[in-house]
Amino acid sequence: MNPIGKRSCYDEGKRCAETLFFDYHRENKVDIRVIRIFNTYGPRMHEADGRVVSNFIVQALRGQDITIYGDGSQTRSFCYVDDLIEGFVRFMAQTETVGPVNCGNPGEFTMLQLAELTLKLVGGKSKIVFKPLPSDDPKQRQPDITLARKVLGGWEPRVPLEEGLDRTIAYFRTRV
């Protein structure tokens, strides 16, 4: 990780928050839980939040070209919001682990696969266009959820990407 790159405030901010929570826990004996959220999507996302799922859906629904930064080979994992919330509830209900626990979907998709699936589900005449990859953009983001499976009583993301995208697209059709 580049601690002084364009996106470093995002990464460093998350690390700082975890540090502060654990220090407060140690110093004040406050009951905490620290969960690391990976790419999450679903209905009620804001159409201008800048996340790749909402960007692709909104672009396709508006008939605009879908913009991929880089060659589309970088991968991400996408967790449907209902699965994430179930993980939260299970994590708060247990008392043995304060974290951090990774919560996300370990299944990986390339940006190109996500764009193609979005086009298939939305329909229309949008095309995929490629633009230069921003500096410090990670090639891969995939959570290791081994600890989550153990601590959260066998928790596992259950909603497949295509089904979750269908639900998310249906929501965006009412907004865009």
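Bear in mind these aren't lab numbers, they're just calculated from the coordinates by the rules spelled out. Small disclaimer: the values here were computed from a predicted structure and weren't measured. A quick note on method: Cβ atoms are made from the backbone with ideal geometry, for glycine too, and the neighbour counts reach across all protein chains shown.
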Q: Work out from phi, with θ = phi - 60° and the Karplus expression 6.51 cos²θ - 1.76 cosθ + 1.60, the ³J(HN,Hα) of each residue of the range 76-90, listed in order in whole Hz, and give x for Gly and Pro.
A: 9, 10, 10, 10, 5, 4, 4, 5, 4, 4, 4, x, 4, 4, 5
Q | Among 24-33, 69-78, the order from most to least packed when residues are scored by Cβ within 10 Å on average | A | 69-78, 24-33
**Q.** Whole-Hz couplings from phi, Karplus 6.51/-1.76/1.60, listed for the range 161-174; x for Gly and Pro
**A.** 3, 4, 5, x, 5, 4, 5, 5, 5, 4, 5, 5, 4, 7
Q | Neighbour net charge for residue 6 - beta-carbon separation under 14 angstrom, K R +1, D E -1 | A | -3
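Decide, for the range 103-176, between rounded, prolate and oblate: order the square roots of the alpha carbon gyration tensor eigenvalues as a ≥ b ≥ c, take rounded if a/c falls under 1.5, and otherwise choose prolate if a/b is larger than b/c, else oblate.
oblate
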Q) Considering the dipole of the chain built from charges on the beta carbon (Lys and Arg +1, Asp and Glu -1) around the Cα centre, which of 85, 73, 152 is farthest to its positive end? A) 73
Q) Near residue 99, within a Cβ-to-Cβ distance under 15 Å, what is the net charge of the other residues, with Lys and Arg +1 and Asp and Glu -1? A) +3
Q) Which stretch or stretches of the range 77-97 have amide N atoms under 15 Å from the point lying 7 Å from residue 171's Cα along the Cα→Cβ direction? A) 78-86
Q: Please list the non-local residues whose amide H lies under 5 Å from the amide H of residue 101, H modeled 1.01 Å from N, same-chain partners needing a gap of 5 or more.
A: 34, 35, 36
Q. Normalised by the residues of the range 33-173, what does the relative contact order come to in percent, with Cα pairs under 8 Å and at least six apart?
A. 39 percent
Q) Which ordering of 111, 92 is given by a fewest-first count of other beta-carbon atoms within 10 Å? A) 92, 111
